[in-house]
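Worksheet: one structure, shown below.
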Amino acid sequence: MTRGSALAFRSKGREAVVAAGPVAVLDLGSTKITCLIAEPAERFVQGQDYRTALRVSGVGTTASRGIKGGAISNVEEAERAIRLAVDAAERMAKQAVRSVHVNVSGGRPASLTVSGNVKTQTGVVSPRDIEHALSAAIATADIGKRQVLHLNPVGYSLDGVPADRPPLGMHGEILGIEVGIVTLGAAHLRNLSLAVERAHLKVASFALSAYAAGRGTLFDDELSLGTLVIDFGGGTTSYALFRNGNLAASGSAAIGARHVTADVAQGLSTTIAHAERLKTMFGSVLPFALEDREMLAVPLLGERGVDAIQQVPKHVLNGMIFPRIEETIEILREDLARHTPLEAVSRVVLTGGGAQLQGMRDLVAHYFGCPVRFGQPVLGQGSPEAVQQSGFAVGAGLLALSLKPDRHLAMPTEAKEHIERQQMGYARRIGRWLKEAL
């Protein structure tokens, strides 16, 4: 395959196309900003995992600035950090990019599930019946002023008989559909777009961080069996539940690895840098035997910087890490339980740099009562070894979505008009309130 050539193939009935030229993604985290540039792999065999059709040729990473809790806090600083990451990736790939696929980790994402039932027009399910059922389901959704980020049918039924896929061509009278919808604040998306566009880049698409991480690490069976992906980021921790190959529920907590580091720094009276080192090298979320005998040297923060060294038992360090991680998992469990029974989770996949803490897999398995593994990005041969770590799962997922984007985002006209009416109604109410206030 020649450099920059187009690649087309089919995967489970859907055609996925890699456009000629490089594909770029931007992972906007609260700790680091990463840009990945990929191009069609030189060796790709039909029938292989479609995600291996791209190999990463450029990587750029810089410390995050202007982003807090996944949201833009200073657009100028965010713009500069984006420029640095993209420039480093372009230099490594020796190619320039014009558009990027971007993740979303802030903006208070909310998930809801709606359902609709319609009578088939001819007694045989047609694409038009599917569209009517989808519109009927979305008509029950209260979107308000929020922006729809993901919209995926996650289940069907025909005369009460459940089906994983659209029952096209089958005989029946009542067609039912269940739809998962993810929304978030419209202003959040506009601010992300503003920061990216100020760096002279176009936003090709947005995707929730945990959803992207799942698309970059899960295999087909996991996508259909009720797998929960938890992405432990620096400023936020988000989750995405996959069912029947689609996103069924999602949510996030404004707690991340950086908060754990801050707890350690405050509790041990040391610097953030030393707290991060202690957490990474010696930290654990589970108690271990003989920890009282293991002492750690902790530099004390004083008037002249680091003034002295204190010896602290290891269990003291872990006692500061565990409560924050436990709080995060509890928040995610409670939020997920509002959308689906926890028994629906058959396995959990952990991604993100914060998931690397010792004992994390065992702790998550205890809370969810199912197998847990770490997610590794699936990329084409020839990709740098550095990007094959869990911390690059979101970037790998954004690349996967560029290959095989969601086809369900294009809503039927009737459903789209329903959502637009809700948003216009909200705008009219705000305008009326402002007029009365003035």
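Give the stretch 252-267 a look and list any residue that's touching a Pro at 6+ places or on another chain (Cβ under 9 Å) and part of a helix (DSSP H, G or I), or say none. Listed by number, the list holds a single entry, Asp263.
Taking the numbered list (1) under 17 Å from the mean Cα position of the chain (by Cα); (2) under 30 Å from Pro40 (Cβ atoms) in turn, Gln381 passes all entries but (1).
State all residues of the stretch 150-189 that are of a type in the set (Gly, Ala, Ser) and touching a Gly at 6+ places or on another chain (Cβ under 6 Å); if no residue qualifies, say none.
Listed by number, the residues that qualify are Ser157, Gly185.
Among the residues making up the stretch 120-146, those that are surrounded by 20 or more Cβ atoms within 10 Å (Cβ to Cβ) and within 30 Å of Leu192 (Cα to Cα) are Leu134, Ser135, Ala137, Ile138, Ala141, Arg146. Remark: pairs (first residue in the stretch 312-327, in contact (Cβ under 8 Å) with a residue 40 or more places away in the chain; second residue of a type in the set (Asp, Glu) and open to solvent by 20 Å² or more (accessible area, probe 1.4 Å); Cβ separation under 7 Å; 6+ apart in sequence or on different chains) = Met320/Asp263; Arg324/Asp263. In summary, strands (runs of 3 or more DSSP E) completely within the stretch 35-119 and bearing 1 or more residues that are open to solvent by 70 Å² or more (accessible area, probe 1.4 Å) occur at 54-63, 110-119.
The single condition from (1) assigned to a helix (DSSP H, G or I); (2) of a type in the set (Ser, Thr, Tyr); (3) touching a helix residue (DSSP H, G or I) at 6+ places or on another chain (Cβ under 9 Å) that Ser193 fails is (3). Does the stretch 268-275 contain at least one residue that is at pLDDT 90 or above, open to solvent by less than 10 Å² (accessible area, probe 1.4 Å) and touching a helix residue (DSSP H, G or I) at 6+ places or on another chain (Cβ under 6 Å)? Within the stretch 268-275 (the criterion being at pLDDT 90 or above, open to solvent by less than 10 Å² (accessible area, probe 1.4 Å) and touching a helix residue (DSSP H, G or I) at 6+ places or on another chain (Cβ under 6 Å)), the answer is yes, since at least one residue qualifies. Restricting attention to the stretch 166-176, does a residue exist that is closer than 20 Å to Val394 by Cβ, modelled with pLDDT of 90 or more, open to solvent by less than 30 Å² (accessible area, probe 1.4 Å) and small (Gly, Ala, Ser)? Scanning the stretch 166-176 turns up no residue that is closer than 20 Å to Val394 by Cβ, modelled with pLDDT of 90 or more, open to solvent by less than 30 Å² (accessible area, probe 1.4 Å) and small (Gly, Ala, Ser). Restricting the first member to the stretch 71-97 and to residues that are farther than 22 Å from Arg55 by Cα and of a type in the set (Gly, Ala, Ser), and the second to residues that are open to solvent by less than 40 Å² (accessible area, probe 1.4 Å) and assigned to a helix (DSSP H, G or I), the beta-carbon pairs closer than 8 Å and six or more apart or on different chains are Ala71/His188; Ala78/Ala195. Can you name the residue in the stretch 337-358 that is within 30 Å of Arg277 (Cβ to Cβ) and open to solvent by 50 Å² or more (accessible area, probe 1.4 Å) and, of all such residues, is farthest from the chain's Cα centre (by Cα)? Per the stated criteria, the residue is Gln358.
Yes or no, residue by residue, for (1) closer than 26 Å to Leu241 by Cβ; (2) of a type in the set (Gly, Ala, Ser); (3) within 18 Å of the chain's Cα centre (by Cα):
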{"site": "Arg128", "(1), (2), (3)": "no, no, no"}
{"site": "Ala139", "(1), (2), (3)": "yes, yes, no"}
{"site": "Tyr156", "(1), (2), (3)": "yes, no, no"}
{"site": "His171", "(1), (2), (3)": "no, no, no"}
{"site": "Glu178", "(1), (2), (3)": "yes, no, no"}
{"site": "Ala195", "(1), (2), (3)": "no, yes, no"}
{"site": "His200", "(1), (2), (3)": "no, no, no"}
{"site": "Ala204", "(1), (2), (3)": "yes, yes, yes"}
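I'd like to verify a number: residues in the stretch 334-349 that are over 16 Å from Ile181 (Cβ atoms), touching a residue at least 24 places away in the same chain (Cβ under 8 Å), not hydrophobic (A, V, I, L, M, F, W, C) and not in a loop (DSSP other than H, G, I, E, B), how many?
1
Screening the candidates Val124, Val97 for the property of being under 30 Å from Ile33 (Cα atoms), over 22 Å from the mean Cα position of the chain (by Cα) and among the β-branched types (Val, Ile, Thr) yields one hit, Val97. Scanning the stretch 196-245 for residues being within 19 Å of Asp27 (Cβ to Cβ), among the acidic types (Asp, Glu) and out of contact with any helix residue (DSSP H, G or I) (no Cβ under 6 Å at 6 or more places or on another chain) gives a total of 1.
Name the single residue that is modelled with the lowest pLDDT among those in the stretch 276-323 being assigned to a loop (DSSP other than H, G, I, E, B), of a type in the set (D, E, K, R) and surrounded by fewer than 12 Cβ atoms within 10 Å (Cβ to Cβ). Checking each candidate, the answer is Glu303. Please specify each residue of the stretch 375-387 satisfying the condition of being surrounded by fewer than 16 Cβ atoms within 10 Å (Cβ to Cβ) and in contact with a strand residue (DSSP E or B) (Cβ under 9 Å, 6 or more places away or on another chain). The answer is Gln381, Gly382, Pro384, Ala386.
In summary, Ala139 fulfils each of the numbered conditions (1) more than 25 Å from Arg215 (Cβ to Cβ); (2) aliphatic (A, V, I, L, M); (3) at pLDDT below 90; (4) touching a strand residue (DSSP E or B) at 6+ places or on another chain (Cβ under 6 Å) with the single exception of condition (4).
The values are calculated or read from the model by the stated rules, or taken from the named source; none is laboratory data. Owing to the predicted nature of the structure, the values given are computational and were not obtained by experimental measurement. FYI the Cβ positions are ideal-geometry reconstructions off the backbone, even for glycines, and counts take in every protein chain you see. For the accessible areas, the whole protein counts, side chains as well, though only heavy atoms, and no ligand, DNA or RNA atoms are used. Shrake-Rupley method; radii C 1.70, N 1.55, O 1.52, S 1.80 Å.
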